[in-house]
Amino acid sequence: MTALGVDVGAALNLIGALLRYLSLAFLVPAVLALGYDEPVWPFAVSGVITAAAGVGLGAMTHGRERIGPREGFLIVALVWLLIPAFGALPFLLDEPQLSNPMDAFFEAVSGFTATGATVLTDIDALPKAMAMWRQLTHWLGGMGIIVLAVAVLPRLRIGGRQLLESELAGPQEVERLGATIRETARRLWVLYIGLTVVAILALASLGWSGADPAMNLYEGVAHAWSALALGGFSTKNLSLAAFQPITQWVILGFIVLAGINFLRLYRVIVQRHASLVARDEELRLYLTFLVVGSALVLIEVLAGGFLSGAEAVRSSIFQAVSIMTTTGFATSDYTRWGALALMTLLVLMFIGTSAGSTGGSIKVVRHLLVWKLIRRELTQTVHREEVLPIRLSGAVVDERALRSVVIFFPIYMGLFALGAVLLAIDARRSHLALGAFDAIGAAAACLGNIGPAFGFAGPFGSYEPFSDLSTGVLTGLMWLGRLEIIPVAVLLSRRYWRA
Amino acid sequence: MSATIGLQALRRNTAGVDVSGALNLVGTLIKYLSAAFLFPTVLALGYGEPAWPYVASGMIVLAFGLVLERVTSRGGVIRAQEGFLVVSVVWALAAWAVALPYLFAEPQLRNPIDAYFEAMSGITTTGATTLIDIAALDQSMAMWRQFSQWIGGMGIVVLALAILPRLRVGGSRQLVESEMPGPEYEPLKTTIRDTARRLWLVYVGLSALMTLILCILGWTGIDDLMTEYQAAAHMFAAMPTGGFSPQPRSLEPFAPASQWVIGVFMLLAGANFALHYRAVVRRASPFRDEEFRLYLAFIFVATAGIFLELLRADIFAAGEGALRNAFVNVVSIMTTTGFATSDFALWTGATSFIFVVLMLIGGCAGSTAGAIKVVRVSLLAKALHREVDQTIHREAVVPLSVNGRIVDERTVRAVLGFLLFYLLLFLGGAFVLAIEEARAGLEAAPFVHVATSATMLGNVGPSLGFAGPMGSMDPYSPFSKSVMILLMWAGRLEIIPVAVLLTRRYWRA
């Protein structure tokens, strides 16, 4: 171990601690199962196994609690594999649709990475506790993603702290938000939990007031968890189509909110710096993309005559927002819309949310910076001597961070293309009728942590027809997409492991 | 002469770019282009076919060049800034010049968009066709189509080795091993003239050698089909990595020996011409060049992959045939030529995928090939590797190098910028084609449009599906064809010069 440049023991120690916390999470479905008179043992057994693994890992690596940035890469990569592995235990133990270990793992990775892709074919058939555990994986994953996006990745120099903080007026304010990962995480979690509570109350009151008979406290919690994490799992086969328009609009509002950088939200909601919003270029672009994307889909849906009236407006906006924010809820089966609408949705899959939110995909800030970079490249081709620093909401972005942003695009697109090709090849091998466009859609939906794709993997469909090998590829894409790829690439380099 | 005064006034107002001077140079180049029409005129007379389309076209082009030259002022020195305008306008106008005989006398190209498409495809050495019946062309018309590529190739040699590096397009100043004579501050015209003098010698020399070898194959009876006419026609398409053929089934009817010879010459045409020059004049080994070695490695790996896939899928039996079909088609696509020895659009999904990847990579910088170019792909790989290294070791300063020379960061940035542009245009093109054809009701797999976008932007030629090597782009709608014309044009100029023209800053002081 000493020959390695990375303290694997320390990394495992932290993962042990996280597993111990995860074991507590099994209490939620266990209590629910008691209440609904459903089998409790899958959750109890899973909890015990997880706790034992956590305690075991902790004991094995006792005294190795110091972690440096280098261990960070290993930790984030392992966390998003091991937590889902243990999170999949209840599925594996007691859900007949997920008795295949690969399927159970896929479902759990999809949950914890807040993707929302499912291999289930009949979600309504799940026991209530099991369905709620599935929703909870989203919400817990969301907590992890906030820490990952706001505190861990920037420290590992991925995405760049600068891009998150940019206009936030100098170091003092960063200080005020919390100098340590722990402090930052705690504050943002308070915000996350607060928003979740508001969402639950809003949804549940729709049920209590009779505005939506299908909504109740259980469904409110389930969908608030999924919405705030920008996940996309639902307790219903019909996703949000099972609910009233008013419920869909409320959830839409929370999705849009959750797609905003949590640091920004914290300042606006908790610290009341509302003026920041107007100056924030990323936020403005995020909202612009949402409006333009929705408008395009709406035009295509109306022109194609697929829906009409208020339903067309609501469903077009909802689908565009849901896909772009990498959520994956659906109010209508968009796979039946025309080729144009599908293309637009595919493009939206590559936009994603603001950095520092629970969303996935490429992220708005990267698009913004690349656009500025291209403009500068053209200017400098003609006016060679000019030095043109690139600014984001007024602050200069350093060249190294810009380079990382530019390089992210070919990596992301390369991985996407590779994924799509592997799916297409494997589909041919296993005689699965998978069109090229559907393969492209599935790869984009998993890499971008969106969830539903096209064809049989559409919003009311399932990834179940894919072979085990393809399911594995898709699981890998969700994992890589969530970690923004680079940490995994780092683990593959020889230099990382050398002292 | 009021036009002159008008343009001079224009020139004073836009102190940034000397539009008048740039157009003057364009006029001169178009004037010279009119000489090219002599060749098909002579052929038409010899074959007893109507010569008037070429005579008329030549006169129109000559007149246009002279008038353009006359109404613009010779102005001062053409600088890099005017260079962007010159190259963009020249390629757009030259394609119209080439299209004139098609418009006058070819019934299949009556539609101006089709004629312009065919001409742009020739002059950018793409090799995509909208013709359905190639065999129905007159002999002189077919040869004019071939010859337009060879002319385009002459332009590209200069473009790739003298102009684009001077304009610093996509980092090519540092990356292209060029025989660039003289220092940077020399006028652009002098650089072009000197480069042209040296490298056209290589180009013409290789062309003569190739014609001779193919003719010998014909004379000795090894390939009965290979007449002098066919030899010249295929040389005109292979050297500029164009890909038109007067044969409806491209290289398929020719003997294996001819296919091998054409394959090897395509391979040479896809390598940097400055390396050829140095190998011949200074006896320097081209293998010392990193890009050349990587280029050969790509071809080797792709050939091996396709060879194995052909055997696995039982498309060819093991042996020379399978190897030849793998090699010639791989070289043809990677060098962005577009010849085919077999309809590879009908092979398997895996081969289609390899071909699309090769379409995106392209040949070496400084060759007549198009697409991204091997050296840029290799620099991207190095930059990716460095990114990972620097993520771990933040303080490490790792310069990138090509051929042992350090590449400055501005060049790295330019390459990455170019790649983004390329990716954007490629995906944008595929998207627009797919949407347009969905609207127009064309039955085709979406992957065909992806391949078409790649093949147009990379100046390759054949796509997949109905637009495969034995097919035609004819089914595409006129709007799609216009998009494809733009892709060919922008791809040939390496995008940046065209994009620069679209910025407001370019036109201001």
Partner shielding of B:410-416, taken as the mean number of other chain Cβ atoms within 10 Å, equals 4
Answer in debye to the nearest 20: the dipole magnitude of region B:280-351 about its Cα centre, from +1 Lys/Arg and -1 Asp/Glu charges placed on Cβ, is 360 debye
Of all trypsin sites (Lys or Arg not before Pro) in region B:364-448, the ones in DSSP coil with at most 15 other Cβ atoms within 10 Å are B:Arg394
Taking R0 as 25 Å and r as the Cβ-Cβ distance between B:His385 and A:Met60, the FRET efficiency 1/(1 + (r/R0)^6), rounded to the nearest 0.05, comes to 0.15
Inter-chain shielding metric for A:372-381, i.e. average beta-carbon neighbours from other chains within 10 angstrom, reads 6
Expressed per residue, the solvent accessible area of the protein assembly as shown in Å² (1.4 Å probe) is about 36 Å²
Evaluated at 4 °C and 1.567 mPa s, the Stokes-Einstein D of region B:23-163 based on the Kirkwood radius over Cα pairs, in µm²/s, stands at 84 µm²/s
Net charge (Lys, Arg +1; Asp, Glu -1) of residues whose beta-carbon lies under 15 Å from that of B:Met470, B:Met470 excluded, is -3
Interface residues of region A:399-439, defined as losing at least 40 Å² of accessible area versus the chain alone with a 1.4 Å probe, are A:Arg400, A:Arg403, A:Val406, A:Ile407, A:Pro410, A:Met413, A:Val421
Placing each pseudo-label 7 Å from Cα in the direction of the beta carbon, A:Leu191 and A:Trp41 end up separated by a distance in nanometres of 4.5 nm
With the label point 7 Å along the Cα-to-beta-carbon line of B:Thr227 and a cut-off under 17 Å to each amide N, the hits in region B:126-146 are B:134-146
Given the candidates A:Ala149, A:Met102, B:Leu225, the one whose Cα lies deepest towards the positive end of the charge dipole of the protein assembly as shown, counting +1 at each Lys or Arg C-beta and -1 at each Asp or Glu C-beta, is A:Ala149
Most packed first (mean Cβ within 10 Å per residue), the peptides A:314-327, A:417-430, B:489-502 order as A:314-327, B:489-502, A:417-430
Ordered by number, the residues of region B:474-509 that have at least 20 Å² less accessible area in the complete protein assembly than on their own chain alone (1.4 Å probe) are B:Ile496, B:Val500, B:Thr503, B:Arg505
Note to self: C-alpha centroids of region A:424-473 and region A:370-391 sit apart, in Å, by 40 Å
Between the alpha carbon centres of region B:157-172 and region A:397-413 the gap in Å comes to 25 Å
TM-like helix rule applied to chain A (DSSP H, alpha carbon span at least 24 Å on the long axis, mean Kyte-Doolittle at least -1.0) gives A:8-25, A:41-60, A:69-87, A:128-147, A:181-208, A:281-304, A:364-382, A:399-429
Among A:Thr471, A:Ala229, B:Gly404, the residue whose Cα sits farthest towards the positive end of the charge dipole of the protein assembly as shown (+1 at Cβ of Lys and Arg, -1 at Cβ of Asp and Glu, taken about the Cα centre) is B:Gly404
Answer in debye to the nearest 20: the dipole magnitude of the protein assembly as shown about its Cα centre, from +1 Lys/Arg and -1 Asp/Glu charges placed on Cβ, is 3460 debye
Taking Cα pairs closer than 8 Å and at least 6 residues apart, the relative contact order of chain A in percent is 18 percent
The farthest towards the positive end of the charge dipole of region A:257-388, of the residues A:Val270, A:Ser308, A:Ala339, given +1 on Cβ of Lys and Arg and -1 on Cβ of Asp and Glu, is A:Val270
By the mean-Cβ-within-10 Å protection proxy, highest first, A:193-202, A:215-224 rank as A:215-224, A:193-202
For region A:353-446 the mean separation of alpha carbon contacts under 8 Å (6+ apart) over residue count, i.e. relative contact order in percent, is 19 percent
Filtering chain B for DSSP H helices with an axial alpha carbon extent of at least 27 Å and a Kyte-Doolittle mean of at least 0.0 returns B:52-71, B:80-105, B:139-158, B:188-219, B:290-312, B:374-392, B:409-440
The B/A contact buries a total accessible area, at probe radius 1.4 Å and rounded to the nearest 100 Å², of 4100 Å²
Those residues in region B:368-399 that give up at least 50 Å² of accessible surface, probe 1.4 Å, once the partner protein chains are present instead of the chain by itself are B:Leu384, B:Glu387, B:Val388, B:Thr391, B:Ile392, B:His393, B:Arg394
Placing each pseudo-label 7 Å from Cα in the direction of the beta carbon, B:Leu209 and B:Asp194 end up separated by a distance in nanometres of 2.5 nm
The percentage of the accessible area of region B:67-211 (probe 1.4 Å, all protein chains present) made up of carbon and sulfur atoms, to the nearest whole number, is 63 percent
Expressed in nanometres to one decimal, the distance between label points 7 Å along Cα→Cβ at A:Thr121 and A:Ser99 is 1.4 nm
In region A:5-106 the accessible area split gives carbon plus sulfur, as whole percent at 1.4 Å, a share of 72 percent
Computed about the Cα centre, the charge dipole of chain A from +1 Lys/Arg and -1 Asp/Glu charges at the Cβ has a magnitude in debye, to the nearest 20, of 1580 debye
Of the accessible area of region B:404-509, computed with a 1.4 Å probe and all protein chains kept, carbon and sulfur make up a percent value of 67 percent
Check: C-alpha center region B:23-79 vs C-alpha center region A:100-117, spacing in Å is 66 Å
So, relative contact order of chain B in percent, Cα under 8 Å, 6 or more apart, is 18 percent
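The values are calculated or read from the model by the stated rules, or taken from the named source; none is laboratory data. This one's a predicted model, so the numbers in the text were calculated from it and none came from an experiment. So basically every Cβ, Gly included, is an ideal-geometry build from the backbone, and we count neighbours across all protein chains shown. Keep in mind that these areas ignore ligands, DNA and RNA; they rest on the heavy atoms of the full protein, side chains included. Shrake-Rupley method; radii C 1.70, N 1.55, O 1.52, S 1.80 Å.
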